[in-house]
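Notes for the one structure printed next.
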Amino acid sequence: METYSLGQRAFAEALGTALLVLVGPGSVVATLVLAGDAKPAITGADLLGISFAFGLIITALVYALGKVSGCHINPAVTFSLALTKRIPWREVPAYWVAQVIGAVVGALAIWGIFAATAIDLGMGQTSFNQDTATWAQAMFAEGIGTFMLMFAILGIVDGRSPNELAGVVIGGVVVAIIMVMGPITGASLNPARAFGPELISAIGNGTTHWNQLIPVYVLPGLAGAGLAAVVYDLLASPRKVTRPIHEAVTHPDRVPTPDVVAPH
């Protein structure tokens, strides 16, 4: 059986998260560049395109890196798996550090490609407009969105499911979630993805939303993913049937069946 060292898995997580941030938030910056002075800057069609950018890169990463690290590329996913004893807690710090570093590297790559324009256009950051949505709405959107993502992940990687479809299912559910939650919070669904562009925007003297990061984009995601794992285990674990001892140890007598003589 092939095994991968923790170092290999951590590197896979860093690389995967970097590519996710480069393509996902990078697609937001690219859309705004193409929109120019158009109003609104992002239309419904643009949102669909951004959703597919996220979904397609996640699909590719699941198939490329899933065999190495599980392709969590999301601290909330790692937390959920550790919470339900699918991975040991001792590996969580390595995964989280790798994911955060990868997110920062991915955001740096966006800055490298679009230069100052990336900073001016917001680095593909996630934030919510406090004039049009409440804190409760934003927290609920991120929490339920991450719940749906984690629930789908657990369902498709279950040994009883068709695992060869994992990348398609996970990428597809990301597209669906972004289409609904995107207009409210940007649908981060991933604390590392939220942090990387935020940090690089701060370094480049761009706009930041640090006050929203922990209460909206970190804690609800961790809670939603953890709840999804607990609910999935409650639903998907077969019921154990308890029988009384007498019934369990008693077997019916087997009476030999007499030979039947065919009539002549």
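Ser80 passes every criterion in (1) among the hydroxyl-bearing types (Ser, Thr, Tyr); (2) farther than 29 Å from Ala202 by Cα; (3) touching an Asp or Glu at 6+ places or on another chain (Cβ under 9 Å) apart from (3). Scanning the range 104-129 for residues that are over 12 Å from Gly26 (Cα atoms) and part of a helix (DSSP H, G or I) gives Val104, Val105, Ala116, Asp120.
Please enumerate the residues belonging to the range 84-119 that are of a type outside the set (Gly, Ala, Ser), more than 20 Å from the chain's Cα centre (by Cα) and open to solvent by 50 Å² or more (accessible area, probe 1.4 Å). If the condition is that a residue be of a type outside the set (Gly, Ala, Ser), more than 20 Å from the chain's Cα centre (by Cα) and open to solvent by 50 Å² or more (accessible area, probe 1.4 Å), then Arg90, Leu108, Trp111, Ile113, Phe114, Thr117 are the ones that fit.
Could you say whether any residue in the range 8-25 is modelled with pLDDT under 95 and open to solvent by 40 Å² or more (accessible area, probe 1.4 Å)? Checking the range 8-25: not a single residue is modelled with pLDDT under 95 and open to solvent by 40 Å² or more (accessible area, probe 1.4 Å).
Give the range 131-163 a look and list any residue that's open to solvent by 60 Å² or more (accessible area, probe 1.4 Å) and either under 20 Å from Pro197 (Cα atoms) or in a helix (DSSP H, G or I) (or both), or say none. Once the filter is applied, which keeps residues that are open to solvent by 60 Å² or more (accessible area, probe 1.4 Å) and either under 20 Å from Pro197 (Cα atoms) or in a helix (DSSP H, G or I) (or both), the range 131-163 yields Trp135, Ala136, Gln137, Met139, Phe140, Met148, Phe151, Val157, Asn163. The residues listed here are Gly145, Gly112, Gly102; of these, the one that is at pLDDT 95 or above and either in contact with a Gly (Cβ under 6 Å, 6 or more places away or on another chain) or farther than 23 Å from Pro220 by Cα (or both) is Gly112.
Taking interchain pairs and intrachain pairs at least six residues apart, which have beta carbon atoms under 6 angstrom, with the first residue in the range 176-192 and open to solvent by 20 Å² or more (accessible area, probe 1.4 Å) and the second among the small types (Gly, Ala, Ser)? Close Cβ pairs satisfying both conditions: Met179/Ser51; Met181/Ala141; Met181/Gly145; Met181/Ala187; Ile184/Ala133; Ile184/Ala141.
Counting residues in the range 174-184 that are assigned to a helix (DSSP H, G or I), of a type in the set (A, V, I, L, M, F, W, C) and under 11 Å from the mean Cα position of the chain (by Cα) gives one or more.
Candidates Gly167, Gly122: the one that is touching a residue at least 40 places away in the same chain (Cβ under 8 Å) and open to solvent by 10 Å² or more (accessible area, probe 1.4 Å) is Gly122. Condition first: surrounded by fewer than 16 Cβ atoms within 10 Å (Cβ to Cβ) and in contact with an Asp or Glu (Cβ under 9 Å, 6 or more places away or on another chain). Now tell me which residues in the range 26-62 satisfy that. Passing the criteria: Leu34, Ala35, Pro40.
Residue count for the range 190-218 satisfying the condition of being under 17 Å from Leu22 (Cβ atoms) and either of a type in the set (A, V, I, L, M, F, W, C) or assigned to a helix (DSSP H, G or I) (or both): 11. The residues in the range 51-77 that are under 23 Å from Gly182 (Cα atoms) and assigned to a helix (DSSP H, G or I) can be counted, and the count is 15.
Residues in the range 78-93 that are in contact with a helix residue (DSSP H, G or I) (Cβ under 6 Å, 6 or more places away or on another chain) and of a type in the set (A, V, I, L, M): Ala82, Leu83, Ile87, Val92.
Go through the range 24-47 and give me each residue that's under 14 Å from Pro183 (Cβ atoms), hydrophobic (A, V, I, L, M, F, W, C) and assigned to a helix (DSSP H, G or I). Result: Val28, Ala45, Leu47.
The values are calculated or read from the model by the stated rules, or taken from the named source; none is laboratory data. Being a predicted model, the structure only gives us computed values, none of them experimental. Positions of Cβ are backbone-derived with ideal geometry, glycine not excepted, and every protein chain shown enters the neighbour counts. Each accessible area value is taken on the protein alone, full model and side chains, heavy atoms only, with ligands, DNA and RNA left out. Shrake-Rupley method; radii C 1.70, N 1.55, O 1.52, S 1.80 Å.
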